[in-house]
Amino acid sequence: MRELFFTLTFCVFLFHLQAQSLTQTIRGRLTDAQSEFPLAGANVIVLNTDPMIGTATDTEGYYTLEGVPLGRQSLKVTYLGYEERVISNVIVTSGKEVVLNLSLTEQVITTQEIVITGKAEKDVTNNEMATVSGRSFNLEETGRYAGSFNDPSRMAANFAGVAANNDDRNDIVIRGNSPGGLLWRMEGINIPNPSHYGSLNSTGGPVSILNYNVLDKSDFLTAAFPAEYGNAIAGVFDLQLRSGNSERKEYLGQIGFNGFELGIEGPFSKNSKASYIANYRYSTLGVFNALGLEFGTGEAIPQYQDLTFKVDVPTQKAGRFTLFGMGGVSDIEFLGSELDLEDLEENFYADENQDSYSKFQSGVVGLSHLYYFTSTLYYKLSVAASHQSQWFRSDSLSTENRSPIPSEEADLVNNKYSAHGLLSKKFNARNSLTGGVILDLYDFDLKNNWLVPGEEYTIRDAQGQSLLSQAYAQWQHRFNDKLTLNTGVNFQHLEISGSTAFNPRAGIRYQFNEQQAVGVGYGLHSQIQPLEVYFTQTTLPDGSTVLTNQNLDFVRSHHYVLSYDRTLAPSLRMKVETYYQYIYNAGVTRDPSSFSLLNAGADFDPIDETNLVNEGTGRNYGLELTLEKFYSQGYYFLFTTSLYDAKYKGSDGILRNTAFNGRYIVNLLGGKEFRIGRKENTLGFDVKLTASGGKLYTPINFEESLAQGYEIRYEERAFSEKSDAYLRADLKITYRINARKVTHELGINLQNVTDNQNEFSKIYNPRTNTVQTRYQMGFFPVPQYRILF
């Protein structure tokens with residue numbers, strides 16, 4: 001294959017480049033884990049260096065370690081009265097300084113020596129209030145795993161409880177919930193779907209707008225999350241953008257599946273700590289198509305571009321102003337009128353009987369201010385404006401002459417103005433309290449019309465504003481260095497429907513010893529319905545319309561979680577969690593049917609049901625196991641498995657599988673690094689094996705479909721059929737070369753190396769009255785080149 005030959009040739013060329021004996025700088029800032037105030041005078045050393053490399057933090061908590069050897073390094077941080085901490089596997093390259101911001105937890109019993117090692121860094125979330133079902137991730141992890149496409153969403157699919165059996169989208173299905181139950185947050189602000197080609201009622205899409213090169217350590221939570229997170233019943237992605245290097249200017253160039261990418265970061269001046277970082281990306285899929293690679297859209301070429309940036313300006317008393325933003329635009333056309341029917345299997349989305357045109361926009365710009373009144377009392381105010389829009393038009397093609405017939409058009413726009421203000425007080429080593437208010441003002445313009453001649457009607461036509469208000473308080477009490485209690489309450493009110501909800505949260509964790517810990521978590525969670533659902537019109541016999549969904553209440557969910565952690569060896573950890581989730585107030589039809597909004601996101605169709613009421617229920621339960629060897633001795637592995645059951649009841653009262661009830665998920669990942677030539681260069685191999693239950697679907701009623709001329713399914717048999725199990729293997733090969741002040745990274749991702757045929761969907765063809773089975777991507781090699789300088 002041409003693209004594979006090109007990649008291997010380039011790899012051989014770079015292989016012969018010689019690196020010199022090089023070092024790099026590690027810098028960052030150290031803060032208190034609860035108050036986030038900088039710690040002055042703490043010791044930071046690089047382990048296993050001779051002579052020892054070390055320093056102390058300055059009055060603002062900053063530290064700088066110069067002359068650090070390249071490769072994977074470990075840092076040790078100590079400070080009187082605080083738990084010692086060791087951070088392992090810090091990757092040091094020649095092309096970029098390492099900026100590593102750290103925090104320490106104050107000891108409750110200061111006479112007892114406590115060491116928190118780097119073996120469980122990924123289990124330590126940024127949010128100190130997260131007791132169970134939480135995990136952090138960083139840039140290196142997002143880019144390392146095979147099959148992740150440098151996408152945080154696809155990376156998270158490797159974690160226990162997360163299903164991802166769709167090669168062409170990055171929807172997050174957590175413990176059998178709809179992907180719509182996920183909350184996206186960035187820099188303290190609730191943001192719209194950060195995906196290209198993402199609709200208003202979804203939380204994912206084929207390509208992520210998120211740029212992993214700009215991400216800092218972030219949190220992923222899957223149940224019983226802290227009180228500051230409202231308007232979600234499934235999970236939370238709490239993203240942090242990293243600040244640019246405040247000491248020197250650095251550049252990045254990258255080309256791969258996600259696009260051509262350019263990045264820049266650096267200080268505004270040598271006399272301040274103010275910095276900036278920005279990354280721009282433009283689609284490369286046209287190039288991949290020209291090389292003969294098929295990625296599920298046939299001759300339709302997705303076009304997209306995006307930008308992510310952050311400006312960080314420190315102020316006096318450890319405060320700072322932060323300006324941040326993320327945005328992307330995308331479009332695509334699927335033209336059945338130009339479709340080669342013999343190649344239909346190569347296009348997941350096209351319909352030979354339809355022409356469709358789509359455009360999408362999504363983005364956010366925000367400003368925050370952090371100010372410390374004292375070293376233990378601070379406030380933070382964040383304000384932002386976001387935009388999300390989706391334009392869609394489809395034309396049916398005449399079965400006689402293939403001429404286009406107008407079918408449907410939608411122009412959906414949602415602007416949102418947000419504010420998040422919080423006040424946090426650390427009383428002492430035992431107690432800390434945080435309270436805040438979150439306001440999201442939706443400013444929407446929703447138009448959707450059915451255009452079939454003789455059948456024209458308006459699905460929705462609404463303009464206006466509505467406010468979602470939240471207030472929360474959360475308290476952490478540490479009885480001692482082993483036992484911690486986190487409690488809180490979240491209140492939310494939606495102006496559209498007048499809905500109000502109080503959501504208590506609680507979690508307790510007990511650390512038996514350095515090897516074992518147990519945690520228990522509970523949370524009541526509430527979420528609004530998809531915005532466009534409130535404004536779907538019902539046409540009365542006299543021709544007038546009424547909004548029968550406008551008074552829908554929040555869907556609500558109880559989460560119960562029991563967690564057990566055990567360290568089996570210095571770099572080997574096991575975690576077991578079991579959970580039960582009960583969902584009520586789900587939107588279902590007033591007349592008996594199998595419909596439920598708990599299945600929203602199972603397909604790409606908009607939700608046009610009317611006469612909905614809050615009488616649906618659901619329940620999910622399961623058991624999850626994680627066995628992870630953190631990187632040491634040149635290799636790592638991660639094994640996760642989930643056994644679960646997800647059921648729901650529609651207004652007909654029948655208990656059914658949800659659309660997302662795959663029953664099981666198994667992931668096995670591993671990787672090995674080899675030093676090539678001089679020790680600064682590395683050759684890495686990463687592999688991933690995934691198996692999960694097949695997709696559930698509703699069988700097609702052929703007789704009715706033939707009579708009506710379009711697809712009709714057996715509604716009373718919803719999600720009763722199941723496709724074959726999903727199986728996939730991915731392999732990633734990466735070569736890193738360190739030259740003076742430059743790092744080259746060349747890799748190739750071999751997606752679905754066994755070329756296994758995983759079912760994508762079953763499509764009804766009214767022309768032939770048959771069902772066509774379409775399959776997901778087969779073997780798909782993706783080369784990538786990255787340069788840091």
Item to complete: Place +1 on the Cβ of every Lys and Arg and -1 on the Cβ of every Asp and Glu in the chain, take the dipole about the Cα centre, and give the residue among 681, 256, 162 whose Cα lies farthest towards its positive end.
Response: 681
Worksheet item: Using a simple spin-label model with points 7 Å from Cα along the Cα→Cβ vector, what separation in nm is obtained for residue 482 and residue 52?
Response: 3.1 nm
Response to the item:
For the range 38-44, Karplus-derived ³J(HN,Hα) couplings (6.51, -1.76, 1.60; θ = phi - 60°; whole Hz; x for glycine and proline) come out as x, 9, 9, x, 6, 9, 10
Discussion item. Quick check: the angle from helix 2-15's long axis to the longest principal axis of the chain, C-alpha only, nearest 10 degrees?
Written reply: 0 degrees
Fill in: Vicinal HN-Hα couplings computed from phi for the range 162-169 (Karplus, 6.51 cos²θ - 1.76 cosθ + 1.60; Hz; Gly/Pro x)
10, 9, 8, 10, 10, 5, 9, 9
Worksheet item: Average projected area of the Cα convex hull of the range 556-621, in nm²?
Response: 6.6 nm²
Discussion item. Highest mean first, how do 65-74, 150-159, 705-714, 202-211 rank when packing is the count of other Cβ atoms within 10 Å averaged over residues?
Written reply: 202-211, 150-159, 65-74, 705-714
Item to complete: Could you give the size of the charge dipole of the chain about its Cα centre, using +1 on the Cβ of each K and R and -1 on the Cβ of each D and E, expressed in debye and rounded to the nearest 20?
Response: 3780 debye
Worksheet item: Per-residue ellipticity at 222 nm for the chain, helices alone: DSSP H runs ≥ 4 residues times -39500 (n - 2.57), over residue total, nearest 500 deg cm²/dmol?
Response: -1500 deg cm²/dmol
Item to complete: May I ask you to give the percent of accessible area on the chain that is carbon plus sulfur, with a probe radius of 1.4 Å?
Response: 56 percent
Discussion item. Explain nothing, just compute: Karplus ³J(HN,Hα) = 6.51 cos²θ - 1.76 cosθ + 1.60, θ = phi - 60°, for every residue of the range 500-514 in order, whole Hz, x for Gly and Pro.
Written reply: 9, 8, 10, 10, x, 9, 7, x, 9, 10, 10, 9, 4, 7, 5
Discussion item. Give the separation of the Cα centroids, the range 425-444 to the range 542-610, in Å.
Written reply: 25 Å
Discussion item. For q values of 0.27 Å⁻¹, compute log₁₀ I(q)/I(0) with the Debye formula on a Cα-only model of the range 706-789, without solvent.
Written reply: -1.22
Practice prompt. Output the peptides 300-307, 224-231 sorted from most to least packed, where packing is the average of other Cβ atoms within 10 Å over each peptide's residues.
Written response: 224-231, 300-307
Response to the item:
Projecting the Cα atoms of 63, 235, 753 onto the charge dipole of the chain, where Lys and Arg contribute +1 and Asp and Glu -1 at Cβ, the residue farthest towards the positive end is 63
Discussion item. As a test of reading the structure, rank 22, 689 by solvent-accessible area (1.4 Å probe, protein chains only), most first.
Written reply: 689, 22
Worksheet entry | Where labels lie 7 Å past Cα in the beta-carbon direction, separation of residue 591 and residue 466 in nm | 2.5 nm
Discussion item. Using the Cα centre of the chain as origin and beta-carbon charges of +1 (Lys, Arg) and -1 (Asp, Glu), tell me which of 109, 459, 360 is placed farthest towards the positive end of the dipole.
Written reply: 109
Worksheet item: What fraction, in whole percent, of alpha-carbon pairs in the range 150-290 exceed 23 Å separation?
Response: 42 percent
Item to complete: Give the share of C-alpha pairs in each 5 angstrom bin for the range 387-432, from 0 to the last occupied bin, in whole percents, shortest bins first.
Response: 5, 13, 11, 9, 8, 8, 6, 7, 6, 6, 5, 4, 4, 4, 3, 1
Response to the item:
accessible surface per residue for the range 160-205, probe 1.4 Å, DNA/RNA/ligands not counted, whole Å² -> 14 Å²
Item to complete: Could you tally the net charge around residue 278, taking each other residue with its Cβ under 13 Å from the Cβ of residue 278, Lys/Arg +1 and Asp/Glu -1?
Response: -1
Fill in: Sequence ranges 260-273, 726-739, 627-640, ranked by mean other-Cβ count within 10 angstrom, highest first
726-739, 627-640, 260-273
Worksheet, complete the sentence: Using eta = 1.306 mPa s and T = 10 °C, Stokes-Einstein with Kirkwood Rh from Cα pairs puts D for the chain, in µm² s⁻¹, at 58 µm²/s
Practice prompt. Kindly state, as a whole number, the per residue volume in cubic angstrom of the convex hull around the alpha carbon atoms of the range 495-545.
Written response: 124 Å³
Item to complete: Enumerate the amide H contacts of residue 133 below 5 Å, restricted to partners 5 or more residues apart or on another chain; note that Pro and chain-start residues carry no placed amide H.
Response: none
Worksheet, complete the sentence: Charge tally for neighbours of residue 693 with beta carbon under 11 Å away, counting Lys, Arg as +1 and Asp, Glu as -1, is +1
Worksheet item: Hey, rough spin-label estimate for residue 542 and residue 770, points 7 angstrom out along Cα→Cβ, what's it come to in nanometres?
Response: 5.2 nm
Discussion item. Just to compare against my own numbers: the Cα pair-distance distribution for the range 583-680, 10 Å bins, whole % per bin, please.
Written reply: 14, 29, 20, 15, 12, 7, 3, 0
Item to complete: Provide the solvent-accessible area of residue 548, counting protein heavy atoms only and rolling a 1.4 Å probe, rounded to the nearest 10 Å².
Response: 40 Å²
Discussion item. Quick check: Cα centre of the range 695-754 to Cα centre of the range 33-81, how many Å?
Written reply: 45 Å
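The values are calculated or read from the model by the stated rules, or taken from the named source; none is laboratory data. From a predicted model like this one, the values you see are computed outputs, not experimental measurements. Every residue, glycine among them, receives a Cβ derived from its backbone with ideal geometry; neighbour counts consider all protein chains shown. The accessibility values were calculated without ligands, DNA or RNA, using every heavy atom of the protein model including side chains. Shrake-Rupley method; radii C 1.70, N 1.55, O 1.52, S 1.80 Å.
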